[in-house]
Amino acid sequence: MADRSVYFWPAAGVIALIATALAPLFANDSVTFILGLAMIEAVFALSWNLLFNYTGIASFGHAAFFTLGAYFVACAQRYGWDVTFPLQLLVAFALGGGAAFAIGAVALKRASGIHLAILTLAIAEVVRMVIGYIDYVGRDDGLGGIPRPVVNLGLATLDLRSSSAYYWCILVVCVALALGLWWLVRSRYGRALRSIAEDAERATFVGMDIYKLRLFSFTISGAVAAICGGLSAPWVQIVTPDLSHWLHSAQPMLNTLLGGSAMFWGPAVGAFAYSLINYSTRTLDGVSEIVVGGILLTIILIAPTGITGALESLRRKIFQKWRAASPWAQVRVKGEQI
Amino acid sequence: MKPVLEVTNLHKSYAALKVLKGLNFNVAEKETFAIIGPNGAGKTTLFKVLTGEVPCNVGQIKFRGTDITHQQAFRRVHSGFGRTFQVARVFPSLTVAENVIVAVEARLRAENVRSGKWYHWRPAAEVRDEALHLVADLGLANEAEREARYLSHGDKKRLEFAIMLGGRPSILMLDEPTAGMSPTERVAITDLIRRIKSERGVTVLMTEHDMDVIFNLSDRLMVMNYGEILAVGSPKEVRANKTVRDVYLGQEMAHA
Ligand SMILES: Nc1ncnc2c1ncn2[C@@H]1O[C@H](COP(=O)(O)OP(=O)(O)OP(=O)(O)O)[C@@H](O)[C@H]1O
Ligand SMILES: [Mg+2]
């Protein structure tokens, strides 16, 4: 008998997606706001995990790219630059990718492991401080009162000024980005990156230019992080230099740890779980940080492979007897898939 | 015939430790060239320098007439180097089939060959076929779906061979291919190397401690000790060499 339990994750994904999509119709404004942020943080975490799990690079300054995208869109909206919103996001993508390429081209040549981590951390801090000196973007106070966009599509106009309309815009963009990343890690490039993550030196001896492949991954990851930033600016309606704070760089790491790095959707699950924990403890005045920290610590200690890792091993344990071919496998042997 | 590999005055030291002290030797097309010597003689270090894993301090390496002394390791792979490691190295959390697919795809990328549509995430049919053929050829057909970390030591070695052959190399560098194996596995690997040679007409450079394997396979032998060459020649000549007997072959010769 075929193992029906392989449909667990797709089914869970579809349900989660529908629930998220319908949220503005049922949930109150603050829940909707948090879900919108969670989607953005989810994709931000996925882009970080493209580096961490799928390429074997730990970036401690990923928020720098997020900040870049956020400030670009913030300026464009606030100062009414003549750039339509979809184009703004594309420019954010290009800016983030360009910055990541430039940084990666130097950093990945020289550094790896902990050195690279510290280097990226330092770059993000520099970004934060430099922004704090620029009058145009409001120095330490940041830019507030960012209007949400109205997109002119020629015949029709898409009014994203209402909270729910912009929420769905976030949903569409985030789903597209996540699916793009998902395709990437399963493609031949993803396979190559995974082998580099496993053993970079070994990968050299099957003829891989690991510098080039790592740089490719770093660029994509930075570009996606920048779009996430770009999406967030009109949602939160304020950008501050703290977007590039190391605490924000730590957020995708925490989400990845919480959700599990080994499964593609782990970091996204982690982002939603983190938001949930944060939201449900918001009334515990003064002690909420301690409670949040305690809960996170407990989950990570109980499930070192994260929420998705724990659920996956549970699924395998329960459905052990039907360990048959999975329809999602990439390679078939004798007509079966592995 | 022009040699495939020409090594001139090769020096390598790790800090103050001189590991290779001016090696000179040539390897001819399609021969099996074995390097033997006691532990710590510098055999693995020589392989690392030849394949580009570590740079040499002084000297020159020529491959088919081109100077590759400063060429990056992956470019040497593109030009035909294949390699296995003293301790088998595979990609542990990829499946056996994926391990080989990754190697085939890397070769195609280097050759600028398009395999399948860029947006297909499954490997192209010809990639998959080539990889599975190699997997089956090395007797791993039943393991194809397993993650490589679960393989036995001998099977890991076979997988390493499959990964190497996925790159279609013209020169193989095998660092102790039978290390840590049972006598039956040793025979199997020896047969495998002989078969690869006859089917693909490759040049083989290998190190080995097992004298049966060495005298079975090699056309020429090079004996190293403390980073220096003691003797080079046919197995017969080396056996007859007095210094070699004293330094290394002492007991091994008794039953070889
Ligand atoms: N990375 C390194 N740093 C410092 N010394 C090293 C390094 N690698 C090897 N050595 C030293 O270089 C010498 C030669 O080592 P090598 O591994 O090349 O010997 P070998 O001939 O392959 O030995 P074996 O038969 O045990 O495999 C040894 O003395 C070893 O300790
Ligand atoms: Mg050795």
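Remarks
- Scanning segment A:59-115 for residues that are in a loop (DSSP other than H, G, I, E, B) and aliphatic (A, V, I, L, M) yields a total of 2.
- A:Ala70 surrounded by fewer than 22 Cβ atoms within 10 Å (Cβ to Cβ), within 30 Å of A:Asp159 (Cα to Cα) and under 17 Å from the mean Cα position of the chain (by Cα): no
- Counting only helices (runs of 4 or more DSSP H) wholly contained in segment A:174-243, the ones carrying 3 or more residues that are touching a Gly at 6+ places or on another chain (Cβ under 6 Å) and either away from every other protein chain (no Cβ under 11 Å) or within 30 Å of A:Gly80 (Cβ to Cβ) (or both) occupy A:210-236.
- Qualifying residue in segment B:8-27 (condition: modelled with pLDDT of 90 or more, more than 16 Å from ligand 1 (Cβ to nearest atom), among the β-branched types (Val, Ile, Thr) and surrounded by 18 or more Cβ atoms within 10 Å (Cβ to Cβ)): yes
- Note on segment B:171-256: enclosed strands (runs of 3 or more DSSP E) holding 1 or more residues that are within 17 Å of B:Leu138 (Cβ to Cβ) are B:171-175, B:203-207.
- Scanning segment B:86-99 for residues that are touching an Asp or Glu at 6+ places or on another chain (Cβ under 8 Å) and either part of a helix (DSSP H, G or I) or more than 8 Å from every other protein chain (Cβ to nearest Cβ) (or both) returns B:Gln86, B:Ala88, B:Val96, B:Ala97.
- Cβ-Cβ under 6 Å pairs, at least 6 apart or on other chains, segment B:188-214 side within 14 Å of chain A (Cβ to nearest Cβ), far side within 16 Å of ligand 2 (Cβ to nearest atom): none
- Residues satisfying the stated conditions in segment B:137-169, i.e. more than 13 Å from chain A (Cβ to nearest Cβ), surrounded by 15 or more Cβ atoms within 10 Å (Cβ to Cβ) and without any contact (Cβ under 8 Å) to a residue 60 or more places away in the chain: B:Asp137, B:Leu138, B:Gly154, B:Asp155, B:Arg158
- Filtered residues of segment B:193-239 (kept if small (Gly, Ala, Ser) and either surrounded by 22 or more Cβ atoms within 10 Å (Cβ to Cβ) or touching a strand residue (DSSP E or B) at 6+ places or on another chain (Cβ under 9 Å) (or both)): B:Ser218, B:Gly227, B:Ala231, B:Gly233, B:Ser234
- When segment A:146-169 is filtered for residues that are assigned to a loop (DSSP other than H, G, I, E, B) and within 25 Å of the chain's Cα centre (by Cα), the ones remaining, listed by number, are A:Ile146, A:Pro147, A:Arg148, A:Pro149, A:Leu160, A:Arg161, A:Ser162.
- Listed by first and then second residue, the pairs with beta-carbon distance under 9 Å, at least 6 apart or on different chains, first residue in segment B:37-50 and more than 14 Å from chain A (Cβ to nearest Cβ), second more than 8 Å from ligand 2 (Cβ to nearest atom) and part of a helix (DSSP H, G or I), are B:Gly37/B:Val247; B:Gly37/B:Tyr248; B:Pro38/B:Val247; B:Pro38/B:Tyr248; B:Ala41/B:Tyr248.
- Subset tally (residues that are touching a helix residue (DSSP H, G or I) at 6+ places or on another chain (Cβ under 6 Å) and either at the interface with chain A (Cβ under 7 Å from one of its Cβ atoms) or surrounded by fewer than 17 Cβ atoms within 10 Å (Cβ to Cβ) (or both)) for segment B:60-85: 4
The values are calculated or read from the model by the stated rules, or taken from the named source; none is laboratory data. None of the values given here were measured: they were computed from a predicted structure. Cβ sites come from the backbone with ideal geometry, for glycine too, and all protein chains shown count toward neighbours.
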